[in-house]
Amino acid sequence: MPFLHFRQATCRLQSCPNHFPSQLELQMHARTDASSEQAASWPEEIFSILQRFEVCQVPYVPDAGHSQLIQRVLGSSTMRGISLTTEEEGVALIAGAWAGGQRAALLMQSSGVGNCVNMFSLVQLFRLPFFTLVTMRGEWGEFNHWQVPMGSTTQAVFELSGIRVLRANTAAEVSEVVEAGAAQAYNACTPTAVLLSQRLIGAKVFVK
Amino acid sequence: MSKANLLDRRSVVSSLLKDRKGMVAVGGLGASTNDMAAAGDHDRNFYLWGGMGGAVMMGLGLALARPDTPVVVITGDGEMLMGMGSLATVGLQKPGNLSIVVLDNEAYGETGGQVSHTASVADLVGVAKACGISDARAMTTLAEIAAFAASLQDVKAGPRFANVKIDAANLERVLPMQDGTFIVTRIRGSLGLKPI
């Protein structure tokens, strides 16, 4: 099962089937890779934080930047990974989970944030302890310009929807930022999105 | 397109909720949530006034959080069509305690009665089955509804999906409370959860 989800994550990345990265693009990605080469520990740090905050439901739309975390969640005995068909399902799921007494965290890519806009109404209306981790596209060495419009407006969309935005740009700050975000979301009922920058995730995943 | 055996929506919903015991009921945006209010207010009524397309997912989140509590989502064909992908998500998770009932009048009744996809091409029972919800059925009589209502208490045998063709009469509105935070906090309280 985890393998299946991992493959789905790969599929989503290759949603631009006729595009083959040029040599120049590959070089750009190679440069941005430097920060992520040793970064395998931050998804594990996020997993530990979600565990510590007793998050039980983890809805997601696959993204390569989240693939390691998704695998950990699917293998966890305390968290349930819930594969969605569209990100807005996750917002509604979080509302139901909260009504039933469970914490949830939504994993998605920046393009998915746009899919959620009307459903974000629930975050305010139900005063949800909403927490989401968003892997960014379209902001750092992006090779697919179709990712740029949504990547450029992700933060503004959240803020217009009444959701606070925190950002982690480097592997070293992921733990601190995610911890702060989870604390304000779950303890203070302050809806929060943590953006995991494309620089952090590295472009390596796009070319595989 | 058959117009025979159309049931009265209020009779369907009151039958579903009559002996509900601890069941949580999520009412989709529109007339369905009003039907729930008409059947009588309840601490475990999750009234929706928006978030169109999200009713099934709210039911799923609740059902997964409380596996011993029956959860029923009562919604309309338009709301269900908007969240059709969520049937695949339910099919994957297979919560035994979740049931979905669509009150299908083949129209967007709240906005002037515009014809919906279920009037001609969309077969929601077929969609639910194809999404892995094997207990998916069309119900045409109140006797079937009553038997189905009793089965909702079995929290191991779901997920269930039922489509009920109802008549398109626009009934007098019975409006539930609108305060979302109160509605959720009340459900949480009835489940023994403390306020934040």
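The values are calculated or read from the model by the stated rules, or taken from the named source; none is laboratory data. Quantities reported herein were computed from a predicted structural model and do not represent experimental measurements. Here the Cβ is made from the backbone with ideal geometry for all residues, glycine too, and neighbour counts use every protein chain on show. These accessible areas exclude ligands, DNA and RNA; they are computed on the full protein's heavy atoms, side chains included. Shrake-Rupley method; radii C 1.70, N 1.55, O 1.52, S 1.80 Å.
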(Q) Need one number: nm distance between label points at B:V115 and B:S190, each 7 Å from Cα along Cα→Cβ, rounded to one decimal. (A) 3.9 nm
Q) B:E144 to B:L175: extension gain in nm, 0.36 nm per residue of separation minus the Cα-Cα distance? A) 8.4 nm
**Q.** Hydrodynamic radius by Kirkwood, which averages 1/r over all alpha carbon pairs of chain B, in angstrom
**A.** 16.4 Å
Q | Accessible area of chain B divided out per residue, in Å², using a probe of 1.4 angstrom | A | 39 Å²
Q: Write down the Å³ per residue value for the convex hull defined by the alpha carbon atoms of segment B:1-111.
A: 108 Å³
Q.
Can you compute the radius of gyration and Dmax for segment A:33-186, using only the Cα atoms, both in Å?
A. 14.6, 43
Q) When DSSP beta bridges are limited to those with both residues in the protein assembly as shown, what percentage is antiparallel, rounded to the nearest 5? A) 5 percent
Q | Cα centre as origin, Lys/Arg/Asp/Glu Cβ charges: segment A:85-208 dipole, Debye | A | 100 debye
Q: Could you work out the mean count of beta carbons from other protein chains within 10 Å of each residue's beta carbon in A:117-124?
A: 4
**Q.** Lysine-lysine proximity count for the protein assembly as shown, Cα under 22 Å, sequence distance 8 or more or distinct chains
**A.** 9
(Q) Using the Cα centre of chain B as origin and beta-carbon charges of +1 (Lys, Arg) and -1 (Asp, Glu), tell me which of B:A147, B:A37, B:V71 is placed farthest towards the positive end of the dipole. (A) B:V71
(Q) Under the rule of at least 5 residues apart or a separate chain, name every residue whose amide H is placed under 5 Å from the amide H of B:I100. (A) B:V73, B:R160, B:F161, B:A162
Q: Express the C-alpha Rg of segment B:82-184 as a ratio against the empirical globular expectation 2.2 N^0.38 Å, rounded to two decimals.
A: 1.18
Q. For chain B, what is the charge dipole size about the Cα centre, in debye to the nearest 20, if Lys and Arg each add +1 at the Cβ and Asp and Glu each add -1 at the Cβ?
A. 560 debye
Q) Can you pull the percent of chain B's accessible area that's carbon plus sulfur, 1.4 Å probe, other chains left in place? A) 56 percent
Q. For segment A:122-204, what number results from the quotient of the Cα radius of gyration and 2.2 N^0.38 Å?
A. 1.13
Q.
Net charge within 13 Å of B:V121 by Cβ-Cβ distance, Lys/Arg positive one each and Asp/Glu negative one each, not counting B:V121 itself?
A. -3
Q: Quantify how strongly other chains surround peptide B:42-52 by giving the mean number of their Cβ atoms within 10 Å of each of its Cβ atoms.
A: 3
Q.
Strictly greater than 41 Å: what percent of every Cα pair in the protein assembly as shown meets that?
A. 17 percent
Q: Please turn the phi angles of segment A:152-167 into ³J(HN,Hα) values with the Karplus equation 6.51 cos²θ - 1.76 cosθ + 1.60 (θ = phi - 60°), one per residue in order, whole Hz, x for glycine and proline.
A: 6, 10, 3, 4, 5, 4, 4, 5, 5, 8, x, 10, 5, 10, 10, 9
Q. How large is the charge dipole for the protein assembly as shown, taken about the Cα centre, if only the Cβ atoms of Lys, Arg (+1) and Asp, Glu (-1) carry charge, to the nearest 20 debye?
A. 620 debye
Q | Heavy-atom accessible surface that A and B bury in contact, both chains counted, 1.4 Å, Å² to 100 | A | 2200 Å²
Q: Any chance you could get the radius of gyration and Dmax over the Cα atoms of segment B:141-196, in Å?
A: 16.5, 44
